[in-house]
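Single-structure report; data block below.
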Amino acid sequence: SNIICTSMITVDYVKSIGRNVNNISVIPIGVDTEVFASKKGAVSPNIVIGTVKTLETIYGIDVLIKSFAIVKNRIKQSDNTSADKLKLIIVGGGSQLSELTDLATKCGVLDSVQFVGQIPNRDVPNMLRSFNIFVAMSRNESFGVAIVEASACELPVVTSNVGGLPEVVINNETGYLIN
């Protein structure tokens, strides 16, 4: 039998569950680079860090909020004006909205964090173009479609070094992998 996977991590998983398959092909998911294209136009006075992920534990939005708070506080120690320009936009719906809002409050950054909610897929490219940096702190992921979309928009990406994400980010070249 033939099996098609989207990433090598998925191939490894298929093999780990005892599937003795000799013919496995990897065909990564692509994006339409006419739709997911670089942003052109006005530059925001803010530094916008953003993500487009479902608000569930697996996607590490809590890690993103905690990391954002650390960065913002470190910058604030030397340059309060720059720290005030740092914004975090979280796009996506999910069961953790209340918990993540409470976390942003506890970390003292709720005034700099915007929870947009779920948006239609057709609006994702424009949302990505409103970011300066795309961050995905997933705890596990088989393939980083959102990272590929952000990269197609020529955004710098920072992502966790898990699952299939190292297959779509070359550390220190096309983005940054965080352990």
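The values are calculated or read from the model by the stated rules, or taken from the named source; none is laboratory data. Bear in mind the structure is a predicted one, so any value in this text is a computation, not a measurement. Cβ sites come from the backbone with ideal geometry, for glycine too, and all protein chains shown count toward neighbours. Ligands, DNA and RNA are excluded from the accessible area calculation, which covers all protein heavy atoms including side chains. Shrake-Rupley method; radii C 1.70, N 1.55, O 1.52, S 1.80 Å.
Quick rundown of the values:
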{"read-out": "From Val52, Val21, Val43, Val91, residue being modelled with pLDDT under 90, open to solvent by less than 50 Å² (accessible area, probe 1.4 Å) and either over 17 Å from the mean Cα position of the chain (by Cα) or aliphatic (A, V, I, L, M) (or both)", "value": "Val21"}
{"read-out": "When residues of the range 156-179 are limited to those that are more than 10 Å from the chain's Cα centre (by Cα) and in contact (Cβ under 8 Å) with a residue 40 or more places away in the chain, the one nearest to Ile49 (Cα to Cα)", "value": "Ile178"}
{"read-out": "Residue count, the range 113-143 (criterion: open to solvent by 60 Å² or more (accessible area, probe 1.4 Å) and part of a loop (DSSP other than H, G, I, E, B))", "value": "4"}
{"read-out": "Residue within the range 92-107 that is among the small types (Gly, Ala, Ser), within 25 Å of Leu128 (Cβ to Cβ) and free of Cβ contacts under 8 Å to residues at least 40 places away in the same chain present", "value": "yes"}
{"read-out": "Given (1) under 23 Å from Leu128 (Cβ atoms); (2) open to solvent by less than 70 Å² (accessible area, probe 1.4 Å), number of the condition Ile75 does not satisfy", "value": "(1)"}
{"read-out": "Options Thr81, Thr174, Thr159, Thr105: the member that is open to solvent by less than 10 Å² (accessible area, probe 1.4 Å) and of a type in the set (Ser, Thr, Tyr)", "value": "Thr159"}
{"read-out": "Checking Asp111 against (1) under 20 Å from Asn132 (Cβ atoms); (2) acidic (Asp, Glu); (3) modelled with pLDDT under 95, the condition it does not meet", "value": "(3)"}
{"read-out": "Top-ranked residue in the range 55-72 [being of a type in the set (D, E, K, R) and within 22 Å of Asn140 (Cα to Cα); ranked as surrounded by the fewest Cβ atoms within 10 Å (Cβ to Cβ)]", "value": "Glu56"}
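Okay, residues lined up against (1) under 21 Å from Pro28 (Cα atoms); (2) of a type outside the set (Gly, Ala, Ser); (3) in contact with a helix residue (DSSP H, G or I) (Cβ under 7 Å, 6 or more places away or on another chain):
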{"position": "Asp84", "(1), (2), (3)": "no, yes, no"}
{"position": "Leu88", "(1), (2), (3)": "no, yes, yes"}
{"position": "Ser112", "(1), (2), (3)": "no, no, yes"}
{"position": "Gln118", "(1), (2), (3)": "no, yes, no"}
{"position": "Asp123", "(1), (2), (3)": "no, yes, no"}
{"position": "Ser142", "(1), (2), (3)": "yes, no, yes"}
{"position": "Ala150", "(1), (2), (3)": "yes, no, yes"}
{"position": "Gly164", "(1), (2), (3)": "yes, no, yes"}
{"position": "Val168", "(1), (2), (3)": "yes, yes, yes"}
